[in-house]
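Worksheet for the structure shown next.
Values quoted throughout were computed directly from the atomic coordinates according to the rules given, and no laboratory measurement underlies them. This one's a predicted model, so the numbers in the text were calculated from it and none came from an experiment. Glycine also receives a Cβ, built like all others from the backbone with ideal geometry; neighbour counts cover every protein chain displayed.
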Amino acid sequence: MGETKHWWEDYPWRMIQTNLRETDMADLDAKQYVRDVKDFGATVVMVNAAGIIASYDTKVPCHTKSEFLTGDSLRTLLEECHKVRLRVIARTDFSKIRYPVYEAHPDWAFRTAQGEIVNCNGDVQVCPSGGYAQEGVYDILRELFTEFPFDGIFFNMSGAFVTGYGGERYGPCMCQRCRSAYKAATGQDAPKSGMRDPGFMKYLGFQTKQIQANKMKQYRLMKELNPELAVNGFDYTRAECNTDIGRGPWVYGASSNARSNGGWGRTVDNASVDFMSFRYRDSSVSPALMALRQWQTLANGGGLSLYVMGRLDNHRDVSSFAPTRRVFQFQKEHEALFNGLTSAAQVVVVRKCGMALNAPEVDGWVQALTESHIPFDEVKLPDLTAEKLEGKTVVILGGAGKLPESLGALLDGFAWEGGTVIASGDTAGLGCLGIRALGERKTGLMSSAFEVGERDKTAFPRCAEAPILPIGPELQMVEFGEGTERYLRLIPEHPYGPPERCYYTETADYPGVTVHPYGAGQSVYIPWNVGSFYFEQGWQNTLNVMQDVLFSLCRLPELAPGLSPMVELTLAKKDGLLLAQLVNASGCFANRWFPPVPVRDIRLELPGLAGKQVRALNGGSASSEGKDGKLIVHLDVLNEYEAIIIE
């Protein structure tokens, strides 16, 4: 007999996260709440339960009971949800305590490098090694999951690096207890000046490990209380698609979230945030953006999810509801199809984990691949394993830095067995790259570029009409080993003003792209930040060189020649069936979002599938023919989204 699956595995995940405010419990109608959620076609809900405020009559002394528990109770809400087979996730936030609790236990508080507490509207940030985090939280968890039949838990704001709602960056706790623990563990003094101190990152890493250990302890407690509790970070991953004032959305944010957090192989709650910023929580993002997020999530194997403030019945801006409901209902109608799908992509992009909101070198490759209609997976660097490389022909490393020895060996082995490794920007530690020695890393460049010469045009046909390739401010100098094929020539720094002086007189014998044979495979090395330059500047000639690397040097098939780059293509498979999904992002116009323009007369060329039958599921009409061993798929029109079954 096989192992029994847990409820969240292969589950049709359609989440509504109602981030209940205190006052939402005052007139809560549990039956109405459930009707509203079921109307969307949701299968999971998340409700505020414990932490800063208890949504029930808690008996734990350090747990502040809400003053607004006059509507239907939390228990009644769970009962009504379970009557209609809605799974319920408890939202908790143990990052803060109410000010009276802090006054009774001042040693529980987080401290900045200046020794100050962080107080946000009467909620005080807690120290991760203090009495509340190490003891009080566990008393609350035992009470909550003993008294209430929740199906899972979400721990909010549980990282080591503390950021305020206004964007203030406080860093990790610097209280004397945390400093002493660091000294005892490392023999070194904790940094004194916060993020500017040279030892800051090491201290942050130490505290991150402590918090990870605490998360594991919480996880073990959850499983002791009930093995069928789904715990975020372990049983499912929660990602978030959001915006903020001064930081616009990224067009591929939902797709990348779904892929990099597990995609088809793991339950990912890809929460699409309804509100436009922390400051404006009652106003929704543009409806077209919400629709795009939900379709992207579906097309990349993520769990559909909507995150709103308050309840559905008292949320005044309902403009994001219809787009979400549309995608939820489509997935509900085709649950059997989406259950059990796995990625059919040949390419995997490795994403380095870090504190930054984005990673431009990787995000540029994500853009180039998407706009070139090349299906791909994403994996975070610590999660890269041999299993993640199965069925892949190309791995892309963008600015990954020096790799751990074990990952270097894994990727060298991948190339040796016939794969292609692409590395760009700051990446080292791979034998397959054919690098004999790293030299100077040039910075502050202003006019340097690469030239596409006559001998390069066969390998770089898209660059023939735009043969001068600006590279941005950085270039890694490298001594290459024997057998390395070199392409492009460096145009060194030269005058860029006044116009009379704007010319160069020489080129250097230094390549912009190299190919190094390695076993049965090869590597492609690009010693400049081609992904970052494309992500930040977006010029066609940068995309040209990236596409020539992908199609010409790596020999990836062109699946959709002639298709608008504003259409995303993904491929997933199961049991002899291939699912091609198309997402139309043509409604993105700078920082504005409108309904997409219909794309007509689409043609896909899928090698090795001649003779298969096709049908479209979302309003389009699909037909097929065989040609040169390829399946040629014709689709009459793409509106927001289309799914084409090939079997």
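In the chain, the calculated helix contribution to ellipticity at 222 nm averages -7000 deg cm²/dmol per residue, counting -39,500 (n - 2.57) for every DSSP H run with n ≥ 4. The distance between label points at LYS31 and ARG325 comes to 2.1 nm (points 7 Å beyond Cα on the Cα→Cβ vector).
With the charge dipole of segment 351-466 set up from +1 on Lys and Arg Cβ and -1 on Asp and Glu Cβ about the Cα centre, the Cα lying farthest toward the positive end among the listed residues VAL395, ALA464, ALA428 is that of ALA428.
Here the Karplus relation 6.51 cos²θ - 1.76 cosθ + 1.60, evaluated at θ = phi - 60°, turns the backbone of segment 277-294 into coupling constants of 5, 4, 6, 10, 7, 9, 10, 7, 5, 4, x, 5, 5, 4, 4, 4, 4, 5 Hz, with x for every Gly and Pro. Dipole magnitude for segment 347-553: computed about the Cα centre from +1 point charges on Lys and Arg Cβ and -1 point charges on Asp and Glu Cβ, it is near 80 debye. Based on the convex hull around the alpha carbon atoms, segment 191-299 presents an average projected area of 10.0 nm². For segment 9-19, putting each phi into the Karplus relation 6.51 cos²θ - 1.76 cosθ + 1.60 with θ = phi - 60° gives couplings of 8, 6, 9, x, 7, 10, 9, 10, 9, 9, 7 Hz, in residue order, rounded to whole numbers and with x for Gly and Pro.
For segment 191-330, the relative contact order is 20 percent, taking Cα pairs closer than 8 Å that sit 6 or more residues apart in sequence and dividing their mean separation by the residue count.
Rg ratio for segment 90-232: its Cα radius of gyration over 2.2 N^0.38 Å, N being its residue count, equals 1.08. Taking a ≥ b ≥ c as the square roots of the eigenvalues of the Cα gyration tensor, segment 162-228 is oblate, since a/c reaches 1.5 or more and a/b is not larger than b/c. Simple point charges give the picture: +1 on the Cβ of Lys and Arg, -1 on the Cβ of Asp and Glu, and for the chain a dipole about the Cα centre of about 800 debye. The residues CYS178, CYS62, when put in order of fewest to most other Cβ atoms within 10 Å, stand as CYS62, CYS178.
Using all pairs of distinct alpha-carbon atoms, the Kirkwood hydrodynamic radius of segment 379-426 works out to 11.0 angstrom. In this structure, the residue pairs whose Cα-Cα separation is over 32 Å, taken from LYS38/LYS388; LYS96/LYS223; LYS5/LYS392; LYS38/LYS630; LYS380/LYS442, are LYS38/LYS388; LYS38/LYS630.
Express the relative contact order of the chain as a whole percentage, based on alpha carbon pairs under 8 Å and six or more residues apart in sequence.
On the way: 1356 pairs, mean separation 65.5, N = 647.
Relative contact order here is 10 percent.
So if R0 is 45 Å, what FRET efficiency would ARG177 and ARG615 give, r being the distance between their Cβ atoms, rounded to the nearest 0.05? Computed FRET efficiency for ARG177 and ARG615 comes out at 0.10. Positive end of the dipole of the chain (Cβ unit charges, origin at the Cα centre): among THR18, VAL101, THR514, the Cα lying farthest that way belongs to VAL101. Whole Å is fine, so just give me how far the alpha carbon centre of segment 112-175 lies from that of segment 249-272. Segment 112-175 and segment 249-272 have Cα centres separated by 26 Å.
Please state the charge dipole magnitude for segment 567-646, taken about the Cα centre, from unit charges on C-beta atoms (+1 on K and R, -1 on D and E), reported in debye and rounded to the nearest 20.
Values: 9 positive and 9 negative charges, 21 e Å.
With Lys and Arg at +1 and Asp and Glu at -1, about 100 debye.
On C-alpha positions alone, give me the angle between the axis of helix 30-40 and the longest principal axis of the chain, in degrees, nearest 10. Between the helix axis and the principal axis of the chain, the angle is about 10 degrees. Listed from fewest to most Cβ neighbours within 10 Å, the set ILE374, ILE117 follows the order ILE117, ILE374. For segment 567-646, the relative contact order is 33 percent, taking Cα pairs closer than 8 Å that sit 6 or more residues apart in sequence and dividing their mean separation by the residue count.
How big is the Cα convex hull of segment 567-646 in projection, averaged over all directions, in nm²?
5.5
Restricting the calculation to Cα atoms, segment 338-467 yields a radius of gyration followed by a Dmax of 16.4, 52 Å.
The base-10 log of I(q)/I(0) for segment 511-633, evaluated at q = 0.13, 0.14, 0.23 Å⁻¹, reads -0.75, -0.85, -1.35 [Debye formula, identical scatterers on Cα atoms, solvent excluded].
Rg/Rh for the chain (Cα atoms only, Rh after Kirkwood) is 0.99.
Based on alpha carbons, the Rg and Dmax found for segment 347-553 are 16.5, 57 Å. In terms of overall dimensions, the C-alpha atoms belonging to segment 21-83 reach 38, 20, 18 Å along their principal axes, ordered largest to smallest. The angle separating the long axis of helix 200-225 from the principal Cα axis of greatest extent in the chain is about 60 degrees. Phi angles across segment 538-553 convert, under the Karplus curve 6.51 cos²θ - 1.76 cosθ + 1.60 with θ = phi - 60°, into 3J(HN,Hα) values of x, 7, 4, 6, 6, 4, 4, 5, 5, 5, 5, 4, 6, 8, 8, 6 Hz, Gly and Pro given as x. Averaging the Cα positions of each part gives two centres, and for segment 389-467 and segment 309-344 these lie 40 Å apart.
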